[in-house]
Amino acid sequence: MNEASDLMACLPPALIQSVYRVVEPAWPLEGCGFLFEPDGGGAWYVIATENRAQALHEKDPVRYPHGGAEWFEPNMKPWFQAVRAGAQPRVIFHSHPEVGAYFSRGDYDSAVTIDDGGAVVERHPGVLHIVVSVRGGRADESALFRFNEQTAVFDELGRFDAEGALRL
């Protein structure tokens, strides 16, 4: 199988639509969640989680200068629970209200860290990222990104339309 058919098998339109249904209610703030693969393999599934960015900003705006409309900080408890149950994290997803599906500088800063040797590395190695464009409360497209170890950037692998169909 090639990469496109692998992605279509793991990320069918119905699953992408489920991602959209998670992030749309958060509008005009960013919504977020995860896709996991069950222990032993099988169809990936959605785990919705709270975007803590707005609450953190309201509590301490100096430390957290951006609110939930321009930043996402997922509650990681569901992630840790799924990992303890044996599931594998495959995708972190979040929405961008009114600005389109792109990997922003803030997204990059949240997704990487510096290793002991000073190299930029993924915070969650091997986990893909989906950024969903939500305009007027409705998802109109999304983009899938993967970290490139050679360039230390996130490459776009493809886009999904409003119905969740993959376009490479």
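The values are calculated or read from the model by the stated rules, or taken from the named source; none is laboratory data. Computed from a predicted model, the values in this text were never measured in an experiment. Positions of Cβ are backbone-derived with ideal geometry, glycine not excepted, and every protein chain shown enters the neighbour counts.
Brief remarks follow.
- Look at the stretch 144-157: where a residue is touching a residue at least 40 places away in the same chain (Cβ under 8 Å) and a partner is part of a loop (DSSP other than H, G, I, E, B), sitting 6+ places away or on another chain with Cβ atoms under 6 Å, you get Phe145/Phe103; Phe154/Phe103.
- Residue satisfying condition, being touching a Lys or Arg at 6+ places or on another chain (Cβ under 9 Å) and modelled with pLDDT under 95, within set Leu128, Leu144, Leu157: Leu157
- Residue pairs meeting the criteria (Cβ under 7 Å; at least 6 apart or on separate chains; first of a type in the set (S, T, N, Q), in the stretch 74-91; second not in a loop (DSSP other than H, G, I, E, B)): Asn75/Thr49; Gln88/Phe36; Gln88/Glu37
- Residues that are of a type in the set (Asp, Glu) and either surrounded by fewer than 17 Cβ atoms within 10 Å (Cβ to Cβ) or over 18 Å from the mean Cα position of the chain (by Cα) (or both) within the stretch 25-49 comprise just one, Asp39.
- Criterion (under 23 Å from Glu37 (Cα atoms), modelled with pLDDT of 95 or more and surrounded by 18 or more Cβ atoms within 10 Å (Cβ to Cβ)) met by exactly one of Ala87, Ala139: Ala87
- The residues of the stretch 147-165 that are crowded, with 19+ Cβ neighbours inside 10 Å and part of a strand (DSSP E or B), listed by number, are Phe147, Phe154, Phe160.
- Options Gly31, Gly68, Gly42: the member that is in contact with a His (Cβ under 8 Å, 6 or more places away or on another chain) and modelled with pLDDT under 95: Gly68
- Among the residues listed as Ala82, Ala69, Ala101, the single one being aliphatic (A, V, I, L, M), under 16 Å from Val23 (Cα atoms), surrounded by 14 or more Cβ atoms within 10 Å (Cβ to Cβ) and more than 14 Å from the chain's Cα centre (by Cα): Ala69
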